[in-house]
1. How many residues, within segment 115-136, are outside any helix (DSSP H, G or I) and open to solvent by less than 60 Å² (accessible area, probe 1.4 Å)?
2. List every residue pair whose Cβ atoms lie under 8 Å apart, where the two residues are 6 or more positions apart in sequence or sit on different chains, the first residue falls within segment 289-306 and is under 25 Å from G172 (Cβ atoms), and the second residue, located anywhere, is open to solvent by 70 Å² or more (accessible area, probe 1.4 Å).
3. Here are some residues: K374, K352. Which one is modelled with pLDDT of 95 or more, in contact with an Asp or Glu (Cβ under 7 Å, 6 or more places away or on another chain) and not β-branched (V, I, T)?
4. Filter the strands (runs of 3 or more DSSP E) completely within segment 1-114 down to those with at least 1 residues that are over 14 Å from V226 (Cβ atoms) and without any contact (Cβ under 8 Å) to a residue 12 or more places away in the chain.
5. Let me spell it out: the conditions are (1) crowded, with 19+ Cβ neighbours inside 10 Å; (2) touching a strand residue (DSSP E or B) at 6+ places or on another chain (Cβ under 6 Å), and L331 meets all of them except one. Which number is the exception?
6. Looking at A112, A80, A139, A68, which one is buried (at least 18 other Cβ atoms within 10 Å of the Cβ) and over 30 Å from I216 (Cα atoms)?
7. Tell me which of these Y360 doesn't satisfy, since it passes every other one: (1) over 30 Å from F162 (Cα atoms); (2) modelled with pLDDT under 95; (3) not aliphatic (A, V, I, L, M).
8. Can you pull out the residues in segment 363-377 that are within 20 Å of F179 (Cβ to Cβ), surrounded by fewer than 17 Cβ atoms within 10 Å (Cβ to Cβ) and touching a residue at least 12 places away in the same chain (Cβ under 8 Å)?
Amino acid sequence: MEKTYHLMATAAAGLESLVGKELERLGYDHQVENYRVRFDGTQRDILNTNIWLRTADRIKIIVGEFDATTFDDLFENVKALPWEDYLNYDSEFPVAGRSKKSELFSVPDVQAITKKAIVNRLQDAYHIRTRLPENGYFAQLEVMIDKDHVIVTLDTTGESLFKRGYRVNKGGAPLKENFAAALVLLTNWHPDRPFVDPTTGSGTIAIEAALIGRNIAPGLIRDFDVEQMDWFDKSLSDSVRDDAEEQADYDRTLDIEGFDIDENMVAIATENAKHAGLGHDITFKQLAAKDWTTDKINGVLVANPPYGERLGELDAARELYQQMGDVYRQLPSWSKYILTSDLEFEQSYGEKATKRRKLYNGALRVDYFQYWGKRVK
């Protein structure tokens, strides 16, 4: 019988439900919580979700969870977990920690006691009395305590899932790839419709749209920490990637464009798209947002314009928002989605949004202003 693991996909605030929808599409029962989505799966599923999830940050194994209000509780419960199933006697395993609203509030102490308990367990399991060498494979552990409830996890991902591996260059303040994918998935875009990013920067939104349009798994060209661990079945590495590769649709014609006023950003975006293998799927051009026009219909536009966060830049940003409003109102069949931290965006744009959704770009509160088009048959 194949072993099943309790897993969690971690996510940025506001994106948990999207991760849940992705897991549902992949065929997993799941439970959405703050900052994470729980699900169960085999080793194949661990790799499959790492390769396929577009909006998650990491896939972690929940090694154990329990309540603890004393350091003795913490030590004994951690020591009781089957660490030898996940770690060799020589594995390198740093322990990160977090605690909120709990009796055990000192994070350094929580980390030290968790580490000591795991060392004790491994020394017993491998009959070692000396210090563990920690020069083997790497395994990042984390102990999280919230209201005295402890969850101890093993990270299977390594570098965060937003690091797809295609971005060779970036400009100032780029969007993370998984956040850009979320912006696309929150729209009503379908790959048979035109897609435009009028403030494309390093091209991330357009590239993520093309990956979605071609059904290319976002983690296809990178490796994951779990693949270096001794207990993991190495034959899955090729098998799961081959399955994902077969699901890609390279025949569909996509109509995706990205524009930027800065020719250097256009060059960077073009380079990134080529690196993603999507050089022929996206057209990047130098163009100011106010100069864009089109006679195409039923398109979707996703913009991440400058927010005017820095001193003296808000006026310029609001002038851009006004220009966008003037241009986009001429395109009633297009749906427009604009991300900004300026909560008074609608006044500058000149129209109330159909819907707005609160998100966080890193620590910054942003709103996604949505203007739904009236589709022309």
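1. The initial filter retains those residues of segment 115-136 that are outside any helix (DSSP H, G or I), namely 126-136.
Retained after the next criterion (residues that are open to solvent by less than 60 Å² (accessible area, probe 1.4 Å)): 128, 132, 134, 136.
Residues flagged as outside any helix (DSSP H, G or I) and open to solvent by less than 60 Å² (accessible area, probe 1.4 Å) within segment 115-136 amount to 4.
2. Sorted first by the residue in segment 289-306, then by its partner, the pairs are A289/I261; K290/D326; P306/E313.
3. K352
4. Details: elements: 5-10, 31-33, 36-41, 58-67, 95-100.
Per the criteria, 31-33.
5. The single condition L331 does not satisfy is (2).
6. Working: A112 fails: buried (at least 18 other Cβ atoms within 10 Å of the Cβ); A80 fails: buried (at least 18 other Cβ atoms within 10 Å of the Cβ); A139 fails: over 30 Å from I216 (Cα atoms).
When all the criteria are applied, what remains is A68.
7. Unmet condition: (1).
8. Initially, segment 363-377 is screened for residues within 20 Å of F179 (Cβ to Cβ), giving 363-370.
Still in the list and also surrounded by fewer than 17 Cβ atoms within 10 Å (Cβ to Cβ): 363-365.
Selection gives L364, R365.
The values are calculated or read from the model by the stated rules, or taken from the named source; none is laboratory data. Note that the structure is a prediction, hence the values are computed from the model and not measured. Glycine gets a Cβ as well: all are built from the backbone with ideal geometry, and neighbour counts include every protein chain shown. Only protein heavy atoms, including side chains, enter the accessible area calculation; ligands, DNA and RNA are left aside. Shrake-Rupley method; radii C 1.70, N 1.55, O 1.52, S 1.80 Å.
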